[in-house]
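Some notes on the structure that comes next.
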């Protein structure tokens, strides 16, 4: 697999592809699912999980890196900590 030389540019391009080609359809059909974007071809592969989407993408393009996002959300995952507490409402 070819390394990603500029991860920020890779992410921007993948998000631009998603917004331009897939957002309209995917937001109504696949809300909450994971999408693997192949930046080189502009193809998107939808799965219920990241592993599912990756398997579909990897089957067609085994030598490529993919960008993952969750349809309808700003991020694919949410990082939380049991130590994080919101201050009580006043």
- Is it fair to say residue 12 is out of contact with any helix residue (DSSP H, G or I) (no Cβ under 9 Å at 6 or more places or on another chain) and surrounded by fewer than 18 Cβ atoms within 10 Å (Cβ to Cβ)? yes
- State yes or no: is residue 30 at pLDDT 95 or above, surrounded by 13 or more Cβ atoms within 10 Å (Cβ to Cβ) and within 12 Å of the chain's Cα centre (by Cα)? no
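The values are calculated or read from the model by the stated rules, or taken from the named source; none is laboratory data. A quick note: this is a predicted structure, and the numbers were derived from the prediction, not measured. Positions of Cβ are backbone-derived with ideal geometry, glycine not excepted, and every protein chain shown enters the neighbour counts.
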